[in-house]
Amino acid sequence: MSVYREMTHVDYENFITERIMDIIAGSPADDTEITVSASRSALTRFANNQIHQNHHEENAEITVRCAVGARWGKVSVNSLESDVLKQAVEDAVNIAKILPDDPEFLPSAEGPYSYAFTPEFGEGTAECSPSRRAILVRQGFEKVPEGYEAAGTLSTASNTLGIFSARGMSAIASTTTANYTILMTGPTSSGYAEGTARRLRELDIPVLAEEAAKKAKMGENPRSDLPVGRYTVILEEEAVATWLMFFAWTGFGGKEFNEGESFLKGRLGEKVTGDSITIIDDATDPRTFGFPFDFEGMPKQRLVIIENGIARAIAHSRDTCRKANTITTGHSLGSWGAFPLNMILSPGESSKDEMISATDRGILVSRFHYSNIVDPMKTVFTGLTRDGTFLIENGEIVSGLTNFRWTQNALESLAKCDMISAETRFNSAFFGGGAVVPAIRTHDFHMSGKSDH
């Protein structure tokens, strides 16, 4: 991609569009679809209160699909050069010719469409230099308490997604993101904070570093004598975001739903959580980081998945909606089926301080670690607490705690949720992606084991 570095993102989009449409026009296939996912990413990594690595990567992943009759051949390449793309078309056609007919053959998407929004693009974020990132990272170092060490990353990226077909589809958009993570570690405790934004200037690194430092200091000399059992817990945003991503993987996608592997199969229209729980997927919400179209070029729709505790809808692609006898919601991930990537859990009316004050005895959990799925149909998940686990007594945080293993039916936890914070934030999540979430308080949360740390 380096030869295209001097282009603005608009010029780069125009270049891709012209190049790809020329290739499609010359394709001998009955149908041709080309997807372009191009990125430029840079990372500054730090540990022991000093920067130790800078990394820069540029890549363009181009997937060429060519149909001969009812057979798709597919080839992927990493170059936008005309000769490479023409060869990919030829190879995809040859692959299609030797395949059997696909009884579920679906032609490429027709287009073009108009889209609800254009993602923000920060030229300064896309072009951020290592020296600028170093200046910002040092601002975080200034917040490290004496006797503590900071580790983490500051990354910047620009991403371009384009979907094109011989049937008139032509969709392309670009966006930028910046992400900062910081882990403060002391002799007996640790604290973590993270922020993500479209533009680097929107990250408040000193505030995030202070947040991590506060957690670490609060957790010094943690108690290890609290037994396993069931507790009232306050789950902060990062922990909640992990659960939402697990829900998406195990229940919200059309492919899993059609195959009977979704925990929502047969439950649409039924109560599945407490009345206070509403989960939507909305790429148009500026707090999320979505593109306006999916991997088929379909406009992304605002999707109410759970409304006041009642299961309402599933994310669908053109393929999964056909099998479910419904319409696409604009959530295709290509061969992965359909998946919500811009989820939002609706806020409540409480503050975290109010949640703590209302808790006679419980545990505050900052984030999860090594999370995994035990039983996807029952939404039983497991993992460890990490970087800020605290004992609450008589409405106050009284000490840090060593970490627990938890094993919990997450839907049951949402059914027993009685307080939700008014403040929300975007948090990344294990397994990729992220969500806009509040903190929640719930009951009978199973701390099933102890960690040595």
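All of the numbers you see were taken from the coordinates with simple rules; none came from a lab. Only a predicted model underlies this, so the values are computations on that prediction, with no experimental measurement involved. Using ideal geometry, Cβ is built from the backbone for each residue, glycine included, and neighbour counts are taken over all protein chains shown.
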*asked:* Explain nothing, just the number: dipole magnitude of the chain about its Cα centre with +1 on each Lys and Arg Cβ and -1 on each Asp and Glu Cβ, in debye rounded to the nearest 20.
replied: 540
*Name the residue farthest towards the positive end of the dipole of the range 2-207 from the options H56, M21, Y113, assuming +1 on Cβ of Lys and Arg, -1 on Cβ of Asp and Glu, about the Cα centre.*
H56
_Which one, G269, Y12, G297, is farthest towards the positive end of the dipole of the chain when Lys and Arg carry +1 and Asp and Glu -1 on their Cβ?_
G269
*asked:* Output wanted: per-residue J couplings in Hz (rounded whole) for the range 165-171, from phi through Karplus 6.51 cos²θ - 1.76 cosθ + 1.60, θ = phi - 60°, x for Gly and Pro.
replied: 8, 6, 9, x, 6, 8, 10
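Over the range 335-439, what is the relative contact order in percent, taking alpha-carbon pairs closer than 8 angstrom and at least six residues apart?
On the way: 190 pairs, mean separation 34.6, N = 105.
Result for the range 335-439 is 33 percent.
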*Which net charge results when you count Lys and Arg as +1 and Asp and Glu as -1 among the other residues whose beta-carbon is under 15 Å from that of E220?*
+1
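Taking only C-alpha pairs under 8 Å that are 6+ residues apart, what is the relative contact order of the chain in percent? Each step should come with its number before you reach the end.
Details: 1169 pairs, mean separation 64.5, N = 453.
With pairs under 8 Å counted, the relative contact order is 14 percent.
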_Backbone HN-Hα couplings from phi across the range 239-246 [Karplus 6.51/-1.76/1.60, Hz, Gly and Pro as x]_ = 5, 5, 4, 4, 5, 4, 5, 5
*Tell me, V64, V398 in order of fewest to most beta-carbon neighbours within 10 Å?*
V398, V64
*asked:* Projecting each Cα onto the charge dipole of the range 2-207 (Lys/Arg +1, Asp/Glu -1 at the beta carbon, about the Cα centre), which of F164, N94, L183 comes out farthest on the positive side?
replied: L183
*On a C-alpha basis, how far is the centre of the range 351-386 from the centre of the range 231-261 in Å? Whole number, if you could?*
13
*Where a Cα-Cα gap under 22 Å defines reach, which lysines qualify for K143, not counting those fewer than 8 residues away within the same chain?*
K214, K215, K217
*Vicinal HN-Hα couplings computed from phi for the range 259-269 (Karplus, 6.51 cos²θ - 1.76 cosθ + 1.60; Hz; Gly/Pro x)*: 8, x, 9, 9, 5, 9, 4, x, 10, 4, x
*Name the residues whose placed amide hydrogens come within less than 5 Å of the amide hydrogen of I305, ignoring near sequence neighbours (fewer than 5 apart) on the same chain.*
I279, I280, D281
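I need to check one value: relative contact order of the range 182-242, counting alpha carbon pairs closer than 8 Å and at least 6 residues apart, in percent. Before the final figure, lay out each step's value.
Working: 59 pairs, mean separation 21.2, N = 61.
Across the range 182-242, relative contact order equals 35 percent.
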*asked:* Once each part is reduced to its C-alpha centroid, what is the distance from the range 297-345 to the range 137-176 in angstrom?
replied: 25
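For the range 323-382, give the magnitude of the charge dipole about the Cα centre (Cβ charges: +1 Lys/Arg, -1 Asp/Glu; no others), in debye to the nearest 20. Working shown, then result.
Working: 5 positive and 5 negative charges, 64 e Å.
That gives a dipole near 300 debye.
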